[in-house]
Amino acid sequence: MTSQTYPRSPKSLLGGIAYLGRFIDKIRLRNAGKIQEYNYITVGFDKYLIDFLQIDPKAFEQRVLAGGTDDEFLASGCPIS
């Protein structure tokens with residue numbers, strides 16, 4: 001039996017933003033093949049977050065996949081800061 005890996009709660013704050021940590025988790029988990037494909041660019045709450053933060057989703061994804069902890073991500077001048 002394979003255990004399912006889940007992204008963190010959408011209520012969890014990262015950099016003072018709800019849902020941001022979940023979005024990052026989904027990118028990491030998808031890249032690792034641990035969750036199904038999802039279309040965060042054009043649908044769902046992920047799209048609302050992208051629009052609200054006015055970020056380039058592909059550039060954001062590349063930065064997330066470059067590695068590091070959440071704190072390192074925020075300190076690096078990520079696309080939302």
Filtering the stretch 32-58 down to residues that are touching a helix residue (DSSP H, G or I) at 6+ places or on another chain (Cβ under 7 Å) and at pLDDT 90 or above yields Asp46, Leu49, Ile50, Pro57
For the stretch 46-70, which positions are at positive phi and touching a Ser or Thr at 6+ places or on another chain (Cβ under 8 Å)?
Gly68
Suppose the filter is closer than 18 Å to Pro10 by Cα, of a type outside the set (Phe, Trp, Tyr) and touching a residue at least 40 places away in the same chain (Cβ under 8 Å); does Val64 pass it?
yes
Subset of the stretch 11-37 that is without any contact (Cβ under 8 Å) to a residue 24 or more places away in the chain and crowded, with 17+ Cβ neighbours inside 10 Å - its residue that is farthest from the chain's Cα centre (by Cα)
Arg30
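The values are calculated or read from the model by the stated rules, or taken from the named source; none is laboratory data. Just so it is clear, the structure is predicted and the values come from calculations on it, not from any experiment. With ideal geometry, Cβ positions are generated from the backbone for all residues, glycine too; neighbour counts draw on all protein chains shown.
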